[in-house]
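Engineer: Got a structure here, written out as structure tokens. Questions coming.
The values are calculated or read from the model by the stated rules, or taken from the named source; none is laboratory data. The shown structure was predicted, so the numbers you read here are calculated from the model rather than taken from an experiment. No Cβ is skipped: glycine too gets one built from the backbone with ideal geometry, and neighbour counts run over all protein chains shown.
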Amino acid sequence: MDAIAPRRPAANSAESLAIAARESEMTRRLRVAVIVVAAIWSSGAMAEEKFQKLTGVQIRAKIAGMEVSDEVHWREFYDRSGKVTSSSMGRKRTGKWRIEKDQLCVEFEKEMPNCYEVLASGKKVKMQREGILPLEGVVEPPSGRI
């Protein structure tokens, strides 16, 4: 038995031109979609990375009278008077906070003080100090949950 080859349209036929036009339009739409997705992804990634280190004055303005939390495991209220109240995994603690050399220093009862550089991007904050991973959270008005 001889195999019968499928009939192909002539190179200049109207059918061939229509197929090429559809393929060209699909290719153009795919390119546009890829560019749009790449632009959205890159703008979102860049927006998240615009953290700026805060000065002491900026730290005080950002957290005094506010809560900082990871929205799940821990929450700290920084009273304007310098008192800090913390709730972490069901454990409550109280202590003091202050600004020292452009750092947020927090001292809970019976613990040594820890001082952090504070970086912010909108309501997001990172509190970091040498030797440990940064604490990441959000700054919000008091929730009354502490």
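Engineer: For the structure I just gave you, tell me whether Lys124 is closer than 22 Å to Ser143 by Cα, surrounded by 14 or more Cβ atoms within 10 Å (Cβ to Cβ) and charged (D, E, K, R).
Structural biologist: Spelling it out, Lys124 is indeed closer than 22 Å to Ser143 by Cα, surrounded by 14 or more Cβ atoms within 10 Å (Cβ to Cβ) and charged (D, E, K, R).
Engineer: If we keep just the residues of the range 129-144 that are modelled with pLDDT of 95 or more and surrounded by 17 or more Cβ atoms within 10 Å (Cβ to Cβ), which is farthest from Ala61 (Cα to Cα)?
Structural biologist: Per the criteria, the residue is Gly137.
Engineer: Taking the range 92-126, which residues are without any contact (Cβ under 8 Å) to a residue 40 or more places away in the chain and closer than 17 Å to Ala64 by Cβ?
Structural biologist: At the first step, the residues of the range 92-126 found to be without any contact (Cβ under 8 Å) to a residue 40 or more places away in the chain are 93-98, 105-116, 122-123.
Thr94, Gly95, Lys96, Trp97, Arg98, Cys105, Val106, Glu107, Cys115, Tyr116, Lys123, listed by residue number.
Engineer: Please go through the range 66-93 and pick out each residue that is among the hydroxyl-bearing types (Ser, Thr, Tyr) and under 15 Å from Arg145 (Cβ atoms).
Structural biologist: Let us first name the residues in the range 66-93 that are among the hydroxyl-bearing types (Ser, Thr, Tyr), namely 69, 78, 81, 85-88.
Result: Ser69, Tyr78, Thr85, Ser86, Ser87, Ser88.
Engineer: Scanning for something within 16 Å of Pro134 (Cβ to Cβ), modelled with pLDDT under 95 and not basic (Lys, Arg), does the range 91-113 turn up at least one residue?
Structural biologist: The answer is no; no qualifying residue exists.
Engineer: Filter the range 83-114 for residues that are more than 24 Å from Val72 (Cβ to Cβ) and buried (at least 17 other Cβ atoms within 10 Å of the Cβ); which is farthest from the chain's Cα centre (by Cα)?
Structural biologist: Across the range 83-114, the extreme among qualifying residues is Ile99.
Engineer: Hey, can you tell me all the residues within the range 70-90 that are of a type in the set (Gly, Ala, Ser), at pLDDT 95 or above and assigned to a strand (DSSP E or B)? Give the derivation first.
Structural biologist: Step one: of the range 70-90, the residues of a type in the set (Gly, Ala, Ser) are 81-82, 86-88, 90.
Then keep just the ones that are at pLDDT 95 or above; that gives 81-82, 86-87.
Those that are of a type in the set (Gly, Ala, Ser), at pLDDT 95 or above and assigned to a strand (DSSP E or B): Ser86, Ser87.
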